[in-house]
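Below is one structure; the comments refer to it alone.
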Amino acid sequence: MASNTVKGYTTTKDINNMNKTTSSPFKSTLGTFKAEEAIIWMVGEDGVITFCEGDGLPLLDLNVGEMIGKSIYDVFEQSTQVEECIGKAFNGSSCHVFEEIEGFLWKIWCYPYHDATGVVIGVWLVFVNHTDQYHRDRMQQIILDLSTTLRKVEKHADMPAVILDQIMGIMVADTAMLFTRVGIKGEMRIELGRGAWSRWSGLIINEEETTFPGEQIRSVIQQGKPYIGKDTYFGLNEGDGLFVVGLPLLVQGRIIGALWIGRKRQFTEYEISLFEEIGDIVSNMIHVSTQYNTTQRRLQHLVALHNIYRAISSSLDLGVTIKVILEQVVTQLGVHAAAVYHTIPVTNNLAFVAGRGFRTMTFNRTHLQLGEGLAGKVAITRKMTYISDLREVTQGLSRQELFSREGFVSYFGVPLIVKGQVNGVMEIYHRERLNPGSEWLDFLDTLAAQAAIAVDNADLFNNLQRTNAELSVAYDSTLDGWVRALDLRDREAEGHTKRVTDLTLRLARALGVREMDIVHVRRGALLHDIGKMAIPDEILFKPGPLNDAEWEIMHKHPIYAYELLSPIRFLKPALDIPYYHHEKWDGSGYPFGLKGEQIPRTARIFAVIDVWDALRSDRPYRKAWSDNDARAYIRENAGIHFEPEIVDMFFRLF
C-alpha cells in the first residue's frame with residue numbers, strides 16, 4: 001500500500017519523544033485489550049511505527065522488533081480500508097473498519113493523538129481479533145435461518161431433502177446423507193443421500209453392519225459418538241478419500257438418527273462446531289415433524305377405524321365388510337396386497353373371503369387345510385408370522401408359484417381371533433422388503449382385530465350390540481392412548497388432560513348440557529391441546545417467558561387443532577373446545593377475539609376448568625399457585641376472562 005502522508009503534522013521523532021512521557025496511560029489502555037488478542041500501534045504523520053505491542057502479533061506472524069521504524073503502509077500495503085481510516089484519524093476523526101488478515105477477522109480502531117495544544121501528532125491503531133465474535137454471530141444467523149426454513153416444510157416426507165440441501169450449502173459439502181431409525185429391531189435407514197452418497201438412499205443399516213463402513217457407522221448410531229476422519233470408502237470415486245463428519249441426532253438422550261457430510265477439503269474446528277449446532281436443530285425438527293406426522297397418521301387411523309366400524313355396523317354381508325377393511329389395510333399400512341380367509345369349522349378349511357391388490361384372480365380360488373401353507377400354519381399356531389423375503393424360503397410354501405407370479409417379497413400373516421377362537425387369517429403381501437416399526441405392527445393388529453370382529457359378526461349377528469359396544473370402548477381408548485402420548489411429550493403437564501376432562505364433564509352436567517352432547521364435550525376436552533404437537537419444543541418447553549415472536553407461534557395451536565380435527569366428520573361436534581378455549585368473555589382472547597356468547601358455550605365452560613388446573617400445576621416458568629390464589633384469580637376474572645354464570649356454578653360445585 002502506498003504511503004498516505006498527511007501534511008502539516010509532527011514528525012516521528014516528535015512522537016518518540018512524546019511516548020516517553022505517555023507510556024503509563026497507554027499501558028493501561030493496552031491492558032484493556034490484552035485478553036482479546038489485541039495489538040496497539042502508534043504511527044507518526046509519516047506513517048512510521050513508533051510503538052507496537054499486543055498478544056495478537058503472533059496471529060499476523062509479526063514481532064515487535066520488526067515493526068518499530070517500519071511504515072504502517074508497507075505492513076498493510078493491500079488494505080485501502082486501513083489506509084483511509086488512518087487518514088481520517090490524522091484529520092481528527094476516530095473511526096473503525098473490519099479487515100480480514102491472515103485468515104483472521106480484525107476490528108481496527110484508529111484514534112487521533114493530540115498534543116497539549118490540541119494538534120494531532122499521531123494515530124493510535126488498536127487491532128482486536130474479532131474472529132470468534134464474527135463466527136458466533138454468523139452461527140447464530142445460520143441457525144436462525146435454518147430453523148425458519150425447516151419450520152416452513154409442510155410435508156414430513158419433504159424434510160430430508162430440505163435438511164440435506166440446506167446443510168450442503170451451509171457447510172460447502174460435496175455429499176451428505178441422513179439416517180433415521182426404523183423397523184422392528186431399530187435399524188438405521190439412509191433416508192436420503194446427496195452427491196456421491198445418493199446411491200445409498202433407502203439402504204437399511206444394522207448396528208452390527210460390517211460391509212458398509214461399519215466401524216464409523218457404529219461409533220455414531222450405536223455409541224452416540226461423533227465421527228471425524230478421512231476415509232477412502234466415502235470417496236467420490238474409487239480410491240478417492242473424503243474428509244467426513246458423522247453426527248448422531250439425539251432427542252432427550254435417545255439416538256433418533258445420524259447426519260453425515262463429506263468433502264475433499266478438511267473441516268475446520270469452527271465448521272465442526274457449527275455442524276454440531278445444526279445437528280441439534282435438525283434433531284429437534286425431525287422429532288417435531290415426526291410427532292406431527294405421527295399425530296396426522298393416528299388421526300387417519302381413527303378415520304379408518306370409524307369407517308370399519310360403520311361397515312361392520314351397517315352390513316351383514318361379510319364380503320362387503322371385509323372389502324372395506326382391506327381397503328383400509330392397503331391404504332393405511334402402505335402395502336401392495338392383502339386378503340382375508342375365513343375358517344370353516346366343519347371342514348377345517350380356510351376359505352378365501354376377499355382380496356385387494358392382486359394382479360391375477362388365482363388367489364380367489366384358494367382353499368387351504370388348517371396347517372397347510374403359511375396361512376394354515378398361522379391358524380394352527382395362533383401367532384403372527386413375518387417373512388421379510390419370500391424368495392429366501394425354500395420349504396413349506398404351498399403357493400410359492402403364486403407368490404412368484406405376483407412378485408411378492410415380504411409377507412405377514414395374522415390370525416383373526418375372537419373370544420379365543422381363530423375365525424380366520426389376514427395376509428399382507430408386499431412387492432418390496434418391509435421394515436415396519438412398532439406403530440405399524442400395532443395398527444396391523446388393530447385392523448386384524450376389526451377383521452376378526454367382522455367375521456364373527458357375520459357368524460354371530462346376535463352379538464352385534466355387544467360388538468358395537470366393544471368397538472366404541474376401543475375407539476375411546478384409542479383417544480385416551482393418544483392423550484397419554486401427548487402427556488408423555490410434556491412431562492410438566494402430565495395428567496392435566498384427564499383432570500380437566502373429568503372436571504369439565506361435572507361442570508357441563510351441572511350447567512344443563514344435554515347428555516347426548518356430553519360425549520362431544522369429553523372428546524373436545526381430551527383433544528384440547530392437540531394443536532401443541534405442531535409447536536416446536538424450544539417454545540413449548542421454554543423455561544422462561546416467551547417473546548412476542550414465540551407467543552405468535554404459540555397462539556396458533558388452536559388453529560392447528562382445528563386443521564387436524566376438522567377433516568374428521570365424527571369429531572366435528574367436539575371442535576368447539578380445541579378451537580375456542582382460549583377466547584375470553586371480554587373479547588381479548590385468541591385466535592379470533594370472540595366476545596360473550598359469540599364463544600361456544602362448551603368452550604366457555606372448559607376455559608374456567610383449564611385455567612383452574614393450569615394455575616394449580618407447576619410449569620417450566622413458574623411454580624403452582626395455591627388453591628386460594630387460584631380461586632381468587634377465577635373470581636376476579638369473572639366478566640373479563642370467564643362468563644359470570646359459569647364462574648358462579650364453578651364455585652358452587654368446587
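Place a point 7 Å from the Cα of Asp55 along the Cα-to-Cβ direction; which residues of the stretch 105-120 have their backbone N under 20 Å from it?
Only 105-109 pass the distance filter.
Give me the tail of P(r) for the stretch 136-180 as a percent: Cα-Cα pairs with distance above 12 Å.
Tail of P(r) above 12 Å: 64 percent of Cα pairs.
Per 5 Å bin, what is the whole-percent P(r) computed from every C-alpha pair distance within the stretch 315-463?
Binned Cα distances yield the sequence 2, 10, 21, 25, 22, 14, 5, 1, 0, 0.
Quick one: helix 159-171 against the long Cα principal axis of the chain, what's the angle to the nearest 10°, folded into 0 to 90?
With rounding to tens, the tilt is 10 degrees.
Please sort by residue number the trypsin sites (Lys or Arg not before Pro) in the stretch 357-413 whose DSSP state is loop and whose Cβ has at most 16 other Cβ atoms within 10 Å.
On the way: sites: Arg359, Arg365, Lys377, Arg382, Lys383, Arg391, Arg399, Arg405; in loops: Arg359, Arg382, Lys383, Arg399.
In loop regions of the stretch 357-413 (DSSP not H, G, I, E or B), the sparsely surrounded trypsin sites (Lys or Arg not before Pro) are Arg359, Arg382, Lys383.
Note down the nm distance, to one decimal, between modelled labels 7 Å out along Cα→Cβ at Leu402 and at Arg138.
Those two pseudo-labels are separated by 6.5 nm.
Between Val519 and Ser626, what length in nm is gained on full extension when 0.36 nm per residue of separation is reduced by their alpha carbon distance?
Working: separation 107, 0.36 × 107 = 38.52 nm, distance 3.14 nm.
Gain on stretching Val519 to Ser626: 35.4 nm.
Figure the gain on full extension for Phe570 and Leu488 (residue separation times 0.36 nm, minus the Cα-Cα span) and round it to one decimal in nm.
Working: separation 82, 0.36 × 82 = 29.52 nm, distance 2.58 nm.
Using 0.36 nm per residue and subtracting the Cα-Cα distance, I get 26.9 nm.
What nm distance separates the two modelled labels at Ser198 and Ser438, each placed 7 Å from Cα along Cα→Cβ?
According to this spin-label approximation, the distance is 3.7 nm.
Could I have the simple spin-label model distance between His306 and Asn293, label points 7 Å from Cα toward Cβ, reported in nm to one decimal?
Label-label distance for His306 and Asn293, simple model: 2.4 nm.
If the limit is 31 Å between Cα atoms, which of Lys498/Lys595; Lys383/Lys498; Lys264/Lys532; Lys107/Lys152 go over it?
Values: Lys498/Lys595 28 Å; Lys383/Lys498 35 Å; Lys264/Lys532 43 Å; Lys107/Lys152 36 Å.
Distance filter (> 31 Å) returns Lys383/Lys498; Lys264/Lys532; Lys107/Lys152.
Send over the semi-axes of the stretch 218-331's equivalent ellipsoid, whole angstrom and largest first, taken as the square roots of 5 times the C-alpha gyration tensor eigenvalues.
Details: eigenvalues 457, 61, 21 Å².
Semi-axes (√(5λ), whole Å): 48, 17, 10.
For the stretch 490-653, I need the span (max minus min coordinate) of the C-alpha atoms along each principal axis, in Å, sorted largest to smallest.
41, 41, 29
Using only Cα atoms, what is the ratio of the radius of gyration of the stretch 580-654 to 2.2 N^0.38 Å? Write out the running numbers ahead of the final one.
Values: Rg = 12.1 Å, N = 75, 2.2 N^0.38 = 11.3 Å.
Expressed relative to 2.2 N^0.38 Å, the Cα Rg reads 1.07.
Just the Cα atoms of the chain: what Rg and Dmax do they give in Å?
35.6, 120
Above 16 Å lies some portion of the pair distances; for the stretch 65-181, what is it as a whole percent of all C-alpha pairs?
Values: 4955 of 6786 pairs.
Percentage above 16 Å: 73.
Using a 10 Å cut-off on Cβ atoms, rank the peptides 630-643, 249-262 from the highest mean neighbour count down. Don't jump to the answer; show the numbers that get you there.
On the way: 630-643: 16.5, 249-262: 20.0.
The most tightly packed comes first, giving 249-262, 630-643.
Read-outs throughout are calculated quantities, based only on the coordinates presented, and are distinct from any laboratory measurement. Remember, predicted model here, so these are calculated numbers, not experimental data. Cβ coordinates were reconstructed from backbone atoms using ideal geometry, including for glycine residues, and neighbour counts include every protein chain displayed.
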